[in-house]
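Novice: Handing you a structure now.
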Amino acid sequence: MPNNQDSPRFNIPENITREHIIQAIREIDINGYSEKNASRKYDLLYNGKRYPPKVIISLANKFANGPILEFSEFSGGEQFTNKFLKERSFEISLKNDDDSNFEYESYSWKIISNLVATKQMDKSSFLHHGTGIPVEIRPFFKIDTMKVGDNRQVITLSLGTSNFSAHFEILNKNNPRTRLLWRSDFQHFIQSKFPEWVDYFRKHSKHDNSTPILKLQKTELTDKYLVFFEESEKPPLPDLYTRSTTDGVNSQSPIRENKISSEYTHRMQIWNHLQKHYKSTNVLPDILREEYRIYRGAAGIWYDKERTTPLSDDGNGITVSVLHTGKSYPDDIGDDSIIYHYPTTNRSGNSDQNEINATKNCKKYHLPLFIITHSKENEKMRDVQLGYVVDWNDDNRTFLINFSESEPIIEPSLPMVAEMPFDWTQQRNQKTTTTTSPQRNPVFRFNVLKRYGSKCAVCSIKIDNLLSASHIIPVGEKGGSDDERNGLVLCHNHHRAFDDHLFSIDPMTNKLVFRSNGPSMNELKIETDCITPLRNTPHVETLQWRHKKFREELNNNK
């Protein structure tokens, strides 16, 4: 699951109760608060007095959890702080002297989830290189600390394979307005995509909720957002004309793109509901099956044929969930990822291949899927995680799925990896238990098997369950990088022999070197005098380090 430290900052601790909030109000009654922290648009009303909502939450955390909650750690506004207070039966009111007059109403923006915001496009979007950001929406972009005159935070808007630059600014001291402005290349794309709306707004100023929707999705990079466009469900304004399909544009592509975007929203809403009501753990299978429709019992891969087949251009649908029982491949799931094996059944027709293609389509269409496992607390219950298909290996028939609420950054391809700088001193994550041990990483195993092929480098074993992704420079040493160039595929027996320095690899020739006093090559059941992965070889620096350790071990045993 994602680390809590990486969670979006508009999460307010749920253990803050009404009593804690009342204690914060009493403290303000006694000590007051800094004028610079006064609220701009909303007040909390209590016993006839007005209080700034964010200050109240900040102080209430002190009574609930110890420290005062910094303003930068959570978001204000109607969607977050105000909603939190209303849920605890407090009254929120607009300020009497509210002069927060923005060019664009906040209702043109909507927070779909912690990761997604939508904007109903308007005249400025089509003609003026940008759009307004209401105060309530600013925390989503982490720009609520910007001041008048600021022009900063260059961001990237990523649309398919194209990236566009944009930035935020606040102008007009008397009437501050936050704006997201993009460059002419993105403006040209919008105008090319929606010529009918460009034509409309050149003649009119008024708009309603029939205009297209701009959707922004956060990524793992704080300054990068994925961009999607959706058509409004409301019929367009009467002055608009229908774009012709004779202009070289595939009329079905925008429709499919909008359906994919809606499917993403649907899946994120399910995920948010699961987290809110079940914390995604110990959920009854019937609820996942009947209420959420993301589970089909023993079916390993569930792609909801009726719902998702129309979404994909290949007719295979898009996988909704995968079930991992842990019975066939118990070691392939870690804290942050899972290696999920292709289905191999005796079902008739192309069922297995259809499910494989549907799972690959998750990556093609940038959609998350649900990973369902048996609960550790109750075998009859299910735990659910959200993830993205990162890669697959047709050779050994496996998918790599990362647990994440946002799509991971695309990893470099094998040829690109070969050209990247190699740092074998890169530290690996540590897992805190009674002792500190390296965190098991399915990603390393997946990348090593994909780089070298599913075969032991010193014998002919190719059975996946009997193969290990071996670190050449061990994790316990200074370094032990999870870079796949620090790995080698060995069967379990030869992995143990390699770790025990029963043989080594000459870094210059890749030939195997054995102890003079045994065991011998034949005794170790090694079938070659030179490492023979199906493809590629490890980085020479790792072999040099390991061979040096091997020689030191021989000298110590003399």
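The values are calculated or read from the model by the stated rules, or taken from the named source; none is laboratory data. Please read all numbers here as calculations on a predicted model, not as lab measurements. Positions of Cβ are backbone-derived with ideal geometry, glycine not excepted, and every protein chain shown enters the neighbour counts.
Novice: Can you confirm whether the stretch 222-231 contains a residue that is surrounded by 10 or more Cβ atoms within 10 Å (Cβ to Cβ), of a type in the set (A, V, I, L, M) and at pLDDT 60 or above?
Specialist: yes
Novice: Follow-up question, since we're still on this one. Looking at (1) surrounded by fewer than 19 Cβ atoms within 10 Å (Cβ to Cβ); (2) without any contact (Cβ under 8 Å) to a residue 40 or more places away in the chain, find the lone condition where His494 falls short.
Specialist: (1)
Novice: Moving on to the next point. If you check Lys123 against the conditions, is it at pLDDT 80 or above, touching a Phe, Trp or Tyr at 6+ places or on another chain (Cβ under 7 Å), crowded, with 17+ Cβ neighbours inside 10 Å and within 30 Å of Gly387 (Cα to Cα)?
Specialist: no
Quick grid of which residues meet (1) within 19 Å of Asp394 (Cβ to Cβ); (2) in contact with a helix residue (DSSP H, G or I) (Cβ under 6 Å, 6 or more places away or on another chain):
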position	(1), (2)
Asn316	yes, yes
Lys327	no, no
Gly334	no, yes
Tyr342	yes, yes
Arg347	no, no
Asp352	yes, no
Ala358	yes, no
Lys364	yes, no
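Novice: In the stretch 10-27, which residue that is under 22 Å from Pro139 (Cβ atoms) and among the β-branched types (Val, Ile, Thr) is nearest to the chain's Cα centre (by Cα)?
Specialist: Ranking the candidates gives Ile12 first.
Novice: Something else about it: Which of (1) polar (S, T, N, Q); (2) farther than 14 Å from Ser321 by Cα; (3) modelled with pLDDT of 90 or more does Thr344 not meet, given it meets every other one?
Specialist: (3)
Novice: A further question follows. When the residues of the stretch 367-387 are filtered to those that are touching a residue at least 60 places away in the same chain (Cβ under 8 Å) and touching a His at 6+ places or on another chain (Cβ under 9 Å), which remaining residue is surrounded by the most Cβ atoms within 10 Å (Cβ to Cβ)?
Specialist: The residue in question is Arg382.
Novice: Can you tell me which residue within the stretch 34-47, out of those that are closer than 20 Å to Pro139 by Cβ and not polar (S, T, N, Q), is modelled with the highest pLDDT?
Specialist: Residue satisfying both the conditions and the ranking: Leu44.
Novice: Name the single residue that is surrounded by the fewest Cβ atoms within 10 Å (Cβ to Cβ) among those in the stretch 532-549 being out of contact with any Phe, Trp or Tyr (no Cβ under 8 Å at 6 or more places or on another chain) and within 16 Å of His501 (Cβ to Cβ).
Specialist: Only one residue tops the list, namely Lys548.
Novice: A further question on this structure: Of all residues in the stretch 288-304 being part of a helix (DSSP H, G or I) and under 25 Å from the mean Cα position of the chain (by Cα), which is nearest to Thr373 (Cα to Cα)?
Specialist: Within the stretch 288-304, the match that is nearest to Thr373 (Cα to Cα) is Leu288.
Novice: Hey, could you check the stretch 64-90 for residues that are free of Cβ contacts under 8 Å to residues at least 40 places away in the same chain and among the acidic types (Asp, Glu) and say which is nearest to Tyr42 (Cα to Cα)?
Specialist: If we take residues in the stretch 64-90 being free of Cβ contacts under 8 Å to residues at least 40 places away in the same chain and among the acidic types (Asp, Glu), then Glu87 is nearest to Tyr42 (Cα to Cα).
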